[in-house]
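One structure is given below, encoded as structure tokens.
The values are calculated or read from the model by the stated rules, or taken from the named source; none is laboratory data. Every value quoted in this text rests on a predicted model; they were computed, and no experiment measured them. In this analysis, Cβ positions are derived from the backbone assuming ideal geometry, glycine residues included, and neighbour counts consider all displayed protein chains. The protein model used for the area step is the full one, side chains on, heavy atoms only, and it has no ligands, DNA or RNA in it. Shrake-Rupley method; radii C 1.70, N 1.55, O 1.52, S 1.80 Å.
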Protein chains: 2
Amino acid sequence: MLKFSKRADYALLSLQYMATVQIGIEAHPRVVNTKEIAEEHNIPVELLAKVLQTLARHQLIESHHNGPKGGYALGREPKDITLAQVLEAIEGPLGLTDCSHEKDDHSQCEQMNHCNIRTPLFKIQESIFQLLNSMSIEDLLVEETPLIIVESLKPQGVPS
Amino acid sequence: MLKFSKRADYALLSLQYMATVQIGIEAHPRVVNTKEIAEEHNIPVELLAKVLQTLARHQLIESHHNGPKGGYALGREPKDITLAQVLEAIEGPLGLTDCSHEKDDHSQCEQMNHCNIRTPLFKIQESIFQLLNSMSIEDLLVEETPLIIVESLKPQGVPS
DNA sequence: GAATCTCCGACCAAAATCATCGGACTAAAT
DNA sequence: ATTTAGTCCGATGATTTTGGTCGGAGATTC
């Protein structure tokens, strides 16, 4: 439960990739094309294309349709792209319940004679939203340890 | 996105209801039946039945199959039922990604040549999990304002 | 024994999601 | 100018999840 959709995963992976790939390059933002990202991560190209289109439509990345040298590049600094923005671009406004939006007019929520759990649920939702908004693509650029380096496995003084 | 399923909503509503209804009653826990909850909240009975069965199977509530006086009652103190427990009971182990579990063997996640966003994603997931585990059914028992009391709508001194 | 309830499993329908395909347009390279 | 490699957009099909339904078995009270 509470799982990201694959599209969301793909979006995050792509943005992370685009961020790392253009590190240190100031001008001429490094443009990467769909196929490159897809092959790098084993993602069906056509689906990824749609994800990237969506991100572009939401200004998170810029499309450079320049023929053979075309592709995408980040539209802003990595730290200015929050995870909440990415998720909302991909999956629409996020909320735990249907009545999260239109807080007053709960047209749908009338189902329940009187819903007594709105307030606490909104608080939870707010917390999660803040969390997702406090993290950016920059925070995804951590060194990914190649898996399972159990702490204090190597005795001291014996470098590799 | 990140929406609860309706079953989860129903579960929370039911637990909240069962908690309020038995307030002040020490012994003989007030047993409520499925239909009562369903009618109270306009929920299809059969679906709610399944939700309650699931909760019972996970020990969150107790089933009293006593014929006409049968029904369900909370299995523990409201404060000992965390939202995380409820959600996991209803929707299975929660995690943002498919590879959330089996952290080492990422059999599925091999899709991505190398997934560089595991670590930060796990952190987010951990935060959300803590949040959901820090709140219990007791926290749902707040006074719910009857909706739309727009601030300072009524001029002072002119009651109703 | 009849009524009322839980319990369980199987089942169907609708909706969301994943994935694919085809066609239009653009700009660089030759 | 033609080719080529790319984006862009919409439509469509397949798969999965979810919401919702049904029928029968077992227990208990009246």
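Tabulated data for the structure shown
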| read-out | value |
| --- | --- |
| Using alpha carbons only: equivalent-ellipsoid semi-axes of region B:6-140, gyration tensor based, whole Å | 35, 16, 12 |
| Residue-averaged beta-carbon neighbours from other chains (10 angstrom radius) around B:30-42 | 1 |
| Protection proxy ranking of B:61-72, B:130-141 - average other beta-carbon atoms within 10 Å, highest first | B:130-141, B:61-72 |
| Per-residue mean of C-beta atoms belonging to partner chains within 10 Å, peptide B:15-22 | 1 |
| Electrostatic dipole magnitude of region B:6-140 [Cβ: Lys, Arg +1; Asp, Glu -1; Cα centre; debye, to 20] | 240 |
| Label geometry 7 Å along the beta-carbon vector: A:Ile23 inter-copy distances in nm | 5.4 |
| Position A:Arg57, label points 7 Å along Cα→Cβ, spacing to each other copy in nm (shortest first, one decimal) | 3.9 |
| Average other protein chain Cβ within 10 Å of Cβ, residues A:120-128 | 5 |
| Per-residue SASA entry for B:Glu36, accessible area with 1.4 Å probe, Å² rounded to 10 | 50 |
| Label 7 Å beyond Cα on the Cβ vector: B:Arg7 copy-to-copy distances, nm | 2.4 |
| Two-site FRET efficiency, B:Gln59 against B:Ser134, from Cβ-Cβ distance with R₀ of 22 Å, rounded to 0.05 | 0.60 |
| Percent carbon-and-sulfur accessible area, region B:6-140, ignoring ligands, DNA and RNA, probe 1.4 Å | 47 |
| Summed buried accessible surface, chains B and A, 1.4 Å probe, nearest 100 Å² | 4900 |
